[in-house]
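One structure is given below, encoded as structure tokens.
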Amino acid sequence: MDSPHLTSSRGGVPAEPSAAGADAGVGAGLPMRGEEPARWVEPDILAELEADLDGPELALGFARDYASLWDQRFSRLAAAVHTEDRPIALDAVISLRIASAMVGGIRLSVLAQALEDAIRRGDFVQGQALLATLAEHGVRTVSELQAKYILKND
């Protein structure tokens, strides 16, 4: 595939969802006119995490670490997908999927599952196509996590 080599999610967010995400059955979740803004982080899940960890301190630390590691995680995953390194790609995408679900990034977690499925099938063309949508979801998830949870609770 002749797509550009994507190694970081920085540098802007596409205005439209990618066709790859739609093909995988995963929409970008962008609201239509007149709809309520899309939620990238589910606050109820963060509340459950706080309860499971007996308070907000550890949950907040986990959320901070998740946000600060986003670019590193995405870069590792993108590099493994581009080089078709199945073991590293699976390790990276599973880690991303689980951590995203833990901080309430369910939409990102679902997209990571679609990418994981493509990697397990050995479909790295589909995997590469999903990376742009994954980057968009990740940037939006981290941004909302920072604005509505991390900064609010610091």
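The values are calculated or read from the model by the stated rules, or taken from the named source; none is laboratory data. Note that the structure is predicted; figures quoted are calculated from it, not measured. Every residue, glycine among them, receives a Cβ derived from its backbone with ideal geometry; neighbour counts consider all protein chains shown. Surface accessibility is based on the protein's heavy atoms, side chains included, excluding ligands, DNA and RNA. Shrake-Rupley method; radii C 1.70, N 1.55, O 1.52, S 1.80 Å.
Accessible area per residue for the range 79-118 in Å², computed with a 1.4 Å probe and the full protein assembly in place, what is it?
Per residue, the range 79-118 has 36 Å² of solvent-accessible surface.
Projecting each Cα onto the charge dipole of the range 28-154 (Lys/Arg +1, Asp/Glu -1 at the beta carbon, about the Cα centre), which of A78, V93, A38 comes out farthest on the positive side?
A78
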